[in-house]
Amino acid sequence: MDLPFEPYRVKVVERIQRVSREERVRFLQESGYNVFKIPSEAIYIDLLTDSGTSAMSDLQWAAMMSGDEAYACSKSFADFESTIKDIFGYKHVIPTHQGRAAEGLLFAVTLKPGFVVPNNIHFDTTRANVEYQQAIALDCIGEEGLDPTLEAPFKGDMSLDKLAAAFEKYGVDRIPFVMLTITNNSGGGQPVSMANARAVSEFCNEKGVPLIFDACRFAENAWFIQQREEGYADCSIQEISREMFALGAGCTMSAKKDALVNIGGFLCLNDEKWAQEATNLLLLREGFPTYGGLAGRDLAAVAQGLREVLDVDYLTYRIGQVARLGQRLDELGVPYLRPAGGHAIYVDARTALPHIPQSEFPAQVFTAALYLEGAVRGVEIGSLMFEHEDPDTGEKVHPAMELVRLAIPRRVYSHTQLEYVAQVCARVMEIGESLRGLEIVWEPPALRHFTASLRPAGGGKMVQTN
Ligand SMILES: *Cc1c(COP(=O)(O)O)cnc(C)c1O
């Protein structure tokens, strides 16, 4: 049997239900065709994100109960710090309430207007936090990572040519560090190979700039290395992670991903001065350096989650569940970015809805249709999220891909529920030609995809009926 085996059994359940089609139509209209604004009780299967949506284990809940709420130097922080140092190996561990707070601190102390941060692909909050400092977030993904149909093992790899070109163009004085996102969330949850990380690290050493990991899904990335990269089959997830992090000088981390918790994050740095300045800001914005915006119990749950995520049986099941969904989409003829990612499937909406131009948000149309047809919530990663102005010409630039991410929460949904999702995707393909494009009615100045309102282009209904 090729079904992924769950290495756990269920102890607590949460009831969910499917609202009627009439209600779904109403919720879509009221939300401005933006599923971020639909109440979660009206969602049946919620694949909006794998962030903060994990089911915690019995041991994590036990850790919550024994969390030490002392304001300063709690024992929960000591556990948090020592667990992180053990896996990541960096000198300074700065707790934050989530990943973007770690990014905000790092960028505030390192970036100035006109500075440039190369990354394989910046995640949306990372890009926004770089741009908030009036710096340039530069994506240097390898060519393989831009081809949604190519089956390749490490499509998160950075292009060393693009990286070198960035140093050539902007000069080392404007590039304080290089980032590498593992796995590459916005490029399909695709892993970065150890060989690529090593090459990037060596390049950075030559230039004298540090490499900082965006480490949100480091354990999933390590599992892919173990499975796919020569020489790592006999290494543990912990050994692979340590080897990877030793190539860098720090990381930002959203604990809401691979630390299996509902809230939390941290910033790790080797550099004394950056760490000191980040800690000064932390005091101002987040809290005392030994809790950084979290309760003691949250720190305790992160520490336990980080120990659990290194379990190869868990990772085999978790990534297997995503791969299995991909297999079903293959059988049903739904196009998605290949191969399946670690935490998500990314439906290729340009191929699925070829009649809708990028200016009318094909991936947002597919996302809205998933809700309409099955009360399934995914998220658009396309023009609504990433359309931007070229820094040199000022022209609108559409992203290369229009994707709908179906992110799978960790340890939450069953095989049957994911089978349902596959069938709803197939249903959207069936009615594809009758779906119309969308246009923006209102948008905020930054991170517009979270709150923008849209409507069917030119008004009227989303599904064209003759
Ligand atoms: C989620 C995520 C972040 C931001 O973390 P938050 O906890 O949501 O603030 C940064 N980078 C990547 C790759 C992510 O997936």
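Judged by the mean number of other Cβ atoms found within 10 Å, the most tightly packed of the peptides 87-96, 257-266 leads the ranking 257-266, 87-96.
With both residues required to sit in the chain, DSSP beta bridges show an antiparallel share near 70%.
Using only Cα atoms, find the angle between the long axis of helix 75-88 and the longest principal axis of the chain, and express it within 0 to 90 degrees, rounded to the nearest 10. Taking the Cα atoms of the chain, the angle to 75-88 is about 80 degrees.
From the convex hull of the Cα coordinates of the stretch 328-466, what is the mean projected area in square nanometres?
Approximately 9.6 nm², given one-decimal rounding.
Once you reduce the stretch 214-247 and the stretch 370-436 to the center of their Cα atoms, the two points are 29 Å from each other.
In the stretch 293-365, the portion of solvent-accessible area held by carbon and sulfur atoms comes to 47 percent [1.4 Å probe, whole percent, DNA, RNA and ligands not counted]. Measuring against 27 Å, Cα to Cα, the residue pairs LYS37/LYS256; LYS75/LYS257; LYS11/LYS155; LYS112/LYS273 contain LYS11/LYS155 as the ones spanning a longer distance. Relative to the dominant Cα principal axis of the chain, helix 99-110 is inclined by about 50°.
Once the C-beta distance of LYS85 and ALA165 is scaled by a Förster radius of 45 Å, the resulting FRET efficiency is 0.80 to the nearest 0.05.
DSSP beta bridges fully contained in the stretch 58-308 are about 50 percent antiparallel.
In the full protein context, the chain carries 41 Å² of accessible surface per residue, based on a 1.4 Å probe and ignoring ligands, DNA and RNA. The angle between the Cα long axis of helix 160-170 and the longest principal axis of the Cα atoms of the chain comes to about 80 degrees, rounded to the nearest 10.
Assuming 0.36 nm per residue, please report the length gained on full extension of the stretch ASP58 to ARG448 beyond their Cα-Cα distance. The partial results should precede the final answer.
On the way: separation 390, 0.36 × 390 = 140.40 nm, distance 3.77 nm.
Working it through step by step, the gained length comes to 136.6 nm.
Which residues does a label at GLU143 reach in the stretch 302-339, if reach means a backbone N under 19 Å from a point 7 Å past the Cα toward the Cβ? Counting only backbone N, you get 338-339.
Roughly what % of Cα-Cα distances in the stretch 58-308 sit above 24 Å, to the whole percent? Each step should come with its number before you reach the end.
Working: 13600 of 31375 pairs.
Roughly 43 percent, once rounded to a whole number.
Working note: 222 nm ellipticity from helices only, DSSP H runs with n ≥ 4, each -39,500 (n - 2.57), summed and divided by the residues of the chain, gives -12000 deg cm²/dmol to the nearest 500.
Taken along its three principal axes, the alpha carbon spread of the chain comes to 66, 56, 45 Å, from the longest extent down to the shortest. For the pair ASN262 and ALA195, label points projected 7 Å from Cα toward Cβ lie 4.4 nm apart.
Heavy-atom surface analysis with a 1.4 Å probe gives the stretch 78-201 a carbon and sulfur content of 52 percent of its accessible area. Full extension of the segment from ALA233 to GLU387, taken as 0.36 nm per residue of separation minus the current Cα-Cα distance, would add 51.5 nm.
The values are calculated or read from the model by the stated rules, or taken from the named source; none is laboratory data. Quick caveat: nothing in here was measured; it's all calculated off a predicted structure. Every residue, glycine among them, receives a Cβ derived from its backbone with ideal geometry; neighbour counts consider all protein chains shown. Each accessible area value is taken on the protein alone, full model and side chains, heavy atoms only, with ligands, DNA and RNA left out. Shrake-Rupley method; radii C 1.70, N 1.55, O 1.52, S 1.80 Å.
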